[in-house]
Structure formats: structure tokens, C-alpha cells
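Structure, as C-alpha cells:
The values are calculated or read from the model by the stated rules, or taken from the named source; none is laboratory data. Quick caveat: nothing in here was measured; it's all calculated off a predicted structure. A quick note on method: Cβ atoms are made from the backbone with ideal geometry, for glycine too, and the neighbour counts reach across all protein chains shown.
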Amino acid sequence: MKNLLIIFVKNPVLGKVKSRLAQSIGAEGALSVYKKLLERTRETVVNLDIQKQVSYSDQLDETDLWGNDIFRKAVQKGENLGERMYHAIENGHKQSFQKICLIGSDIFELTEEIIKDAFKLLDHYDIVLGPSEDGGYYLIGMKTPVKKIFENKKWGTNSVLHETIKDIRRIGLKFELLPTLNDIDVLEDIKDVDRDFLLS
């Protein structure tokens, strides 16, 4: 397989995930929501006919829902999110994958078709971005790692997508955007259609 999908996840530990959401529903509630988002992400990607890798925030888990027979596993490396994403994509490139997409694990609306479209768009563009409603992005895809677009960003703020696009244009690369989706960080991000599943 020449395509690689990297799924960035946080180890689901009480008090260490969805801290802003926890302010509204408590740490246990936030952990429950995050575990359901992980389940949803797995269901979305599991049948994709590409190589899949789960990259953990802290440590490998060989016995979780990401089966070792389907998913490669790695631990993120780097001081901030930008370094971690770049390192993961660069490592995939070194393994001779031709197209690499990286996604987060907290986008309830993400679909298999959107991910497939991202890989198709890389036939014609250097970079593909999936914008999130909070000003960041839920997916980034590329054929060749470009370190510059992961540097000097205020991660977790609404300027990330805008500054990333500015860097891409400054370098002179071709890019395309996917549909804008909702990134769940606070209680207000959980839309009515998702509440029964996420908050049950």
C-alpha cells in the first residue's frame, strides 16, 4: 500500500482529555465523551483499504480498541503539536508512503468518503486541509513533508488554519480544502444530533 492514514489520539486517561469539556460535565464525563469519539473514529477508518497507523500521545496500548492486526502503532514525538505532526508525516515519508493524511480523533462528523476524497485530491494538489469550525484543521494531507507549515503556530487557537494557508501560499504550493467540520472541544460543540450518543 502506498497511502498512509495517521490517526492522532490521546491516551484516554481521566483528567487528561478534553479539559475544556470537563469544565462543563466533569472529568469522568469528558473521558466518556472522548472514548466514544475514539470509537466513532475507529468505525470511520477501519474499512479503508489503506495502511493505518495510530499515534498515541504518551504510550503504546497493545490491548485497546485499535486492533494490532489492522493498525500500526507509534508514539508521538515532539515538544508541541506541530512537531508531533511533522515527525509522524516525515516518518511515513521515510517508509516510502507516497500520500499521507493525518487526522485527529475528535471529529464526530468525519466520514470515510471525506478521507477518501483527501487522498484523491493529493493526485492534483501538494497539500489538502480539512478545516474545523474553531479555526484549526481536522485533517492534513501531503505527498512530501513540509516542515515550515507546522512551525510558529499558536496551536489550539482560531488562527491555525489561516496561518497555515498563508505559509502554504508563501512557499508556492497548491492546496485544496475539504468540507468544514465541527471539532468537539466544549459542550456547545456537541450538536443536538450527536447528544444521545456522546452524552448517554
Residue match in segment 67-81 (condition: closer than 21 Å to K35 by Cα, part of a helix (DSSP H, G or I) and not charged (D, E, K, R)): yes
Hits in segment 108-138 - residues which are in a loop (DSSP other than H, G, I, E, B) and either in contact with a Lys or Arg (Cβ under 7 Å, 6 or more places away or on another chain) or small (G, A, S) (or both): F108, L122, Y125, D126, G135, G136
Selected residue (criterion: modelled with the lowest pLDDT) from residues of segment 134-162 that are over 20 Å from E90 (Cα atoms) and surrounded by fewer than 15 Cβ atoms within 10 Å (Cβ to Cβ): G156
Positions within segment 31-56 being surrounded by fewer than 16 Cβ atoms within 10 Å (Cβ to Cβ) and out of contact with any Leu (no Cβ under 7 Å at 6 or more places or on another chain), in sequence order: K35, E43, V46, N47, D49
Candidates Y56, Y86, Y34 - the one that is of a type in the set (S, T, Y) and either farther than 19 Å from D106 by Cβ or free of Cβ contacts under 8 Å to residues at least 40 places away in the same chain (or both): Y86
Yes/no for S105 being free of Cβ contacts under 8 Å to residues at least 12 places away in the same chain and in a loop (DSSP other than H, G, I, E, B): no
Residue within segment 112-121 that is touching a residue at least 24 places away in the same chain (Cβ under 8 Å), under 21 Å from V54 (Cβ atoms) and touching a Ser or Thr at 6+ places or on another chain (Cβ under 7 Å) present: yes
